[in-house]
Amino acid sequence: MSLVFTPAPAVTVPVAGGGTYPVHRIYCVGRNYAEHAIEMGGSGREPPFFFLKPTDAVVAVPAGETGKIDYPSLTKNLHHEIELVVALGVGGRDIRAADAVRHIWGYAVGLDMTRRDLQNDMKKQGRPWCIGKGFEQSAPIGPIVPIASTGELTTGAISLSVNGQVRQNADLKDLIWNVNETIEHLSAAWTLQPGDLIYSGTPAGVAAVVSGDVMEGRVAGLPMLRVAVR
Ligand code: MN
């Protein structure tokens, strides 16, 4: 049987030090820092919840380069969300938090770009968030650094600046559900696979960007992610 059209190439992310990481799925955690949960109208003490982005939302930005995203359609309120991204190397179901670290292949700095106005409209109507979260170029990501190099990342600064002004600034230790607990919850709902990326949630300070803005995302121990909005 012949393919009726040429399939899109595999979505990959560069690995720091060489190689490429093939992406299977993109999971995202909602409201996973208390101050952000509160700014979004929650109590800060809710069970974790998840959404997915399509893999072709990835904009992989090699070390030292500036990625570019186009200002997306329909929105007038495109928000930045800086996040620690966890890249899985071993899949599984019903993974216990105590065993989760062996499933982690590496880490990267990522941006969960959000059409906030559309997301809020959908929330109000009790409808899915896809249009607010799952659009093209909504998941910029820097190089993945193997956990073999970084060790397990449980603390350290996470920040985002726009045009040099700090907008988000927190610490990984402030995650409500840490990475291992997140993997436990996720793997109860989905069979995780190598190639799965987990955007682990964003701290407080989410706000809008416009065309011409340059975002710089940092997580201690990882290469900086710089992305310009066209
Ligand atoms: Mn997010």
Review point. To the nearest 10 square angstrom, how much accessible area does R25 have with a 1.4 angstrom probe?
Key: 90 Å²
Exercise for review: Under 18 Å Cα to Cα from K76, which lysines show up? Leave out anything in the same chain fewer than 8 places away.
Suggested key: K123, K124, K133
**Study point:** List T202, T12, ordered by accessible area with a 1.4 Å probe, largest first
**Key:** T12, T202
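When only DSSP loop residues count, what chymotrypsin sites (Phe, Trp or Tyr not before Pro) in the stretch 97-139 have their Cβ near at most 12 other Cβ atoms within 10 Å? Write out the running numbers ahead of the final one.
Working: sites: W105, Y107, W129, F135; in loops: W129, F135.
Here no loop site has a sparse enough neighbourhood.
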Revision key, fill the gap. Expected max-MSF residue from L111, L74, L153 in the GNM of the chain (alpha carbon, under 10 Å) is L74
**Study point:** Signed unit charges on C-beta, dipole axis of the chain, positive-most listed residue P223, P48, L118
**Key:** L118
Revision key, fill the gap. So the carbon and sulfur contribution to the accessible area of the chain, 1.4 Å probe, in percent, is 53 percent
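Based on the alpha-carbon gyration tensor of the stretch 132-176 and its eigenvalue square roots a ≥ b ≥ c, which shape applies: rounded if a/c is under 1.5, prolate if not and a/b is larger than b/c, or oblate? Don't jump to the answer; show the numbers that get you there.
Details: a/c = 1.75, a/b = 1.23, b/c = 1.42.
Because a/c hits 1.5 or more and a/b fails to exceed b/c, the stretch 132-176 counts as oblate.
In debye, nearest 20: dipole of the chain around its Cα centre with unit charges on the Cβ of K, R (+) and D, E (-)? Show your work: numbers first, answer last.
Values: 20 positive and 22 negative charges, 76 e Å.
The calculation lands at about 360 debye.
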Check your understanding: Shape of the stretch 1-80 from its Cα gyration tensor (a ≥ b ≥ c, root eigenvalues): rounded if a/c is under 1.5, otherwise prolate when a/b > b/c, or oblate?
Key -> prolate
Check your understanding: Amide H to amide H under 5 Å from N77: which residues, 5+ apart in sequence or cross-chain, H placed 1.01 Å off N in plane?
Key -> R116, D117
Review point. Leaving out ligands, DNA and RNA but keeping every protein chain, what accessible area does D94 have, in Å² rounded to the nearest 10, with a 1.4 Å probe?
Key: 100 Å²
Check your understanding: What whole number of Å gives the distance from the Cα centroid of the stretch 105-138 to the Cα centroid of the stretch 172-230?
Key -> 12 Å
Check your understanding: Who wins for biggest fluctuation among G132, G217, G151 in a Gaussian network model of the chain, springs between alpha carbons below 10 Å?
Key -> G151
Check your understanding: Which one of L192, V206, L175 has its Cα pushed farthest toward the positive end of the charge dipole of the stretch 147-230, where Lys and Arg give +1 and Asp and Glu give -1 at the Cβ?
Key -> V206
Review point. Per residue, how many Å² of accessible area does the chain show with a 1.4 Å probe?
Key: 46 Å²
Check your understanding: If you build a Gaussian network model of the chain, linking Cα atoms that sit under 10 Å apart, which residue out of G201, G134, G212 swings the most?
Key -> G212
Exercise for review: Using only protein heavy atoms and a 1.4 Å probe, report how much of E39 is accessible, in Å² to the nearest 10.
Suggested key: 80 Å²
Review point. For the chain, what class follows from the C-alpha gyration tensor (a ≥ b ≥ c being the square roots of its eigenvalues): rounded when a/c is under 1.5, otherwise prolate if a/b is larger than b/c, else oblate?
Key: rounded
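The values are calculated or read from the model by the stated rules, or taken from the named source; none is laboratory data. The structure displayed is predicted, hence computed values, not measured ones. Ideal geometry is used to build each Cβ from the backbone, glycine not excepted, and the neighbour counts take in all protein chains shown. These accessible areas exclude ligands, DNA and RNA; they are computed on the full protein's heavy atoms, side chains included. Shrake-Rupley method; radii C 1.70, N 1.55, O 1.52, S 1.80 Å.
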